[in-house]
Amino acid sequence: MSPRLRAFGAPVAPAVAALLALAATAAACATGPSLENQGTVTAPPGDSRDLTVGSAGFTESDLLARMYAILLGRAGYRTRILSVTNRELYEPALESGQIDIVPEYAATFADWLNAKANGADAKTVGSPDLDATMRVLRELAAKRGLDVLDPGRAVDQNAYAVSAAYARKHRLRTLSDLGRAGLPVRLAAGDECVRRAYCAPGLRKTYGIRITSLDPKGLGTTPSKRAVQSGQDQMVVTTTTDGTLAAFGLVVLTDDKHLQNADHIVPVVNRSRAGGERVRNTLDKLNAVLTTEDLRSMNEQVDSWRRLPEDVAERYLRSEGLIPAG
């Protein structure tokens, strides 16, 4: 399978495209992990002047990549953004230094690296405990020549939304409220929700919610939201940074017992090219201010208001004083 690439600010160099194509072939043909058996990473962190920031190709990842690139550019680096809409491609490219920095999600990336190292049936290692998740994530990443920077305040994890009218009628603010209400719930979700601990099984076990059936319309898709809006379904699986919920008249019920894993946003860097303190300090400035609500608002501006991601990203950085105004 050939990689889907989109570059911003500069065309995709043929060499980069060719290397990513090789990464795709390697990912398809590999029978085991690529770096686990090479021992502890001892090389000093690098500080390349030319950095490629990776994006996974969806709105939020594009926004984060653009903010990283802008801040690093202000810090004296020459940056470009490369969009590779498949983790199976961009993670090997990150290991090899074809991509230097990628925004990731702590628990999800920990589970992905663990499955890559130990097989698809490996026990999940991400959890609601951020400290524990970061420890295992950093151990897994270090074996592949990657550094995981400190997590920020922003969290993009699964969330459960109902219509605002339904919430008002039954006085629902939290998932515990829904469990206590004993209401039958048809859940709009992806097929995997049937077996995932954080989805239907967890909603039943942790909250006592009466999931009567699943409507397989996908995670946070427009059809799934419309099904809840119309009353065909009572609840939809979405994400905490979904910026389109208000347009459908939906509200998120708080995960008050912390069923969801700690998917805090973390920059992941190639240690040999971008593991220096200057990169870390530059991106820490964004982590210090960026919140879940900030990301939700920016996603809404792009997805609902049709504003350009580059404009939204720059406007946010200016508003927070991270780059000069005007």
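Note on the range 57-82: residues that are over 14 Å from the mean Cα position of the chain (by Cα), under 23 Å from THR241 (Cα atoms) and among the small types (Gly, Ala, Ser) amount to 1. Criterion first (touching a residue at least 12 places away in the same chain (Cβ under 8 Å), surrounded by fewer than 20 Cβ atoms within 10 Å (Cβ to Cβ), outside any loop (DSSP other than H, G, I, E, B) and in contact with an Asp or Glu (Cβ under 9 Å, 6 or more places away or on another chain)) does LEU187 satisfy it? For LEU187, the condition - touching a residue at least 12 places away in the same chain (Cβ under 8 Å), surrounded by fewer than 20 Cβ atoms within 10 Å (Cβ to Cβ), outside any loop (DSSP other than H, G, I, E, B) and in contact with an Asp or Glu (Cβ under 9 Å, 6 or more places away or on another chain) - is not met.
In this structure, is GLY220 closer than 17 Å to GLY249 by Cβ, modelled with pLDDT under 95 and not hydrophobic (A, V, I, L, M, F, W, C)? Yes. Screening ALA30 against (1) closer than 27 Å to ASP303 by Cβ; (2) modelled with pLDDT under 95; (3) more than 19 Å from the chain's Cα centre (by Cα) leaves a single unmet condition, (1).
Looking across the range 119-133 at every residue that is of a type outside the set (Gly, Ala, Ser) and either at pLDDT below 95 or not in a helix (DSSP H, G or I) (or both), the one that is nearest to LYS257 (Cα to Cα) is identified as PRO128. Applying the criterion of being closer than 17 Å to THR52 by Cβ and polar (S, T, N, Q) to the residues of the range 272-298, the residue that is most open to solvent (accessible area, probe 1.4 Å) is SER272.
Taken together, the residues in the range 197-218 that are part of a loop (DSSP other than H, G, I, E, B) and open to solvent by 50 Å² or more (accessible area, probe 1.4 Å) amount to 4. What number of residues within the range 312-326 satisfy the criterion of being open to solvent by 70 Å² or more (accessible area, probe 1.4 Å), within 16 Å of TYR68 (Cα to Cα) and without any contact (Cβ under 8 Å) to a residue 24 or more places away in the chain? Counting residues in the range 312-326 that are open to solvent by 70 Å² or more (accessible area, probe 1.4 Å), within 16 Å of TYR68 (Cα to Cα) and without any contact (Cβ under 8 Å) to a residue 24 or more places away in the chain gives 3.
Of the residues making up the range 219-248, those that are in a helix (DSSP H, G or I), open to solvent by 40 Å² or more (accessible area, probe 1.4 Å) and over 23 Å from GLU293 (Cβ atoms) are PRO223, ARG226, SER230. Just one of the listed residues (LEU250, LEU219, LEU283, LEU203) is of a type outside the set (Gly, Ala, Ser) and under 30 Å from LYS143 (Cα atoms), namely LEU283.
Considering only residues that are among the hydroxyl-bearing types (Ser, Thr, Tyr), out of contact with any Leu (no Cβ under 9 Å at 6 or more places or on another chain) and either within 22 Å of THR241 (Cβ to Cβ) or at pLDDT below 95 (or both), which ones fall in the range 267-326? If the condition is that a residue be among the hydroxyl-bearing types (Ser, Thr, Tyr), out of contact with any Leu (no Cβ under 9 Å at 6 or more places or on another chain) and either within 22 Å of THR241 (Cβ to Cβ) or at pLDDT below 95 (or both), then THR291, THR292, SER297, SER304, SER319 are the ones that fit. Would you be able to say whether some residue in the range 172-179 is open to solvent by 10 Å² or more (accessible area, probe 1.4 Å), assigned to a helix (DSSP H, G or I) and at pLDDT below 95? No.
The values are calculated or read from the model by the stated rules, or taken from the named source; none is laboratory data. As the structure is a computational prediction, the values presented were derived from the model and not from experiment. Note that each Cβ is placed from the backbone with ideal geometry, even for glycine, and that neighbours are counted across all protein chains shown. Heavy atoms of the whole protein, side chains included, go into the accessibility calculation; ligands, DNA and RNA do not. Shrake-Rupley method; radii C 1.70, N 1.55, O 1.52, S 1.80 Å.
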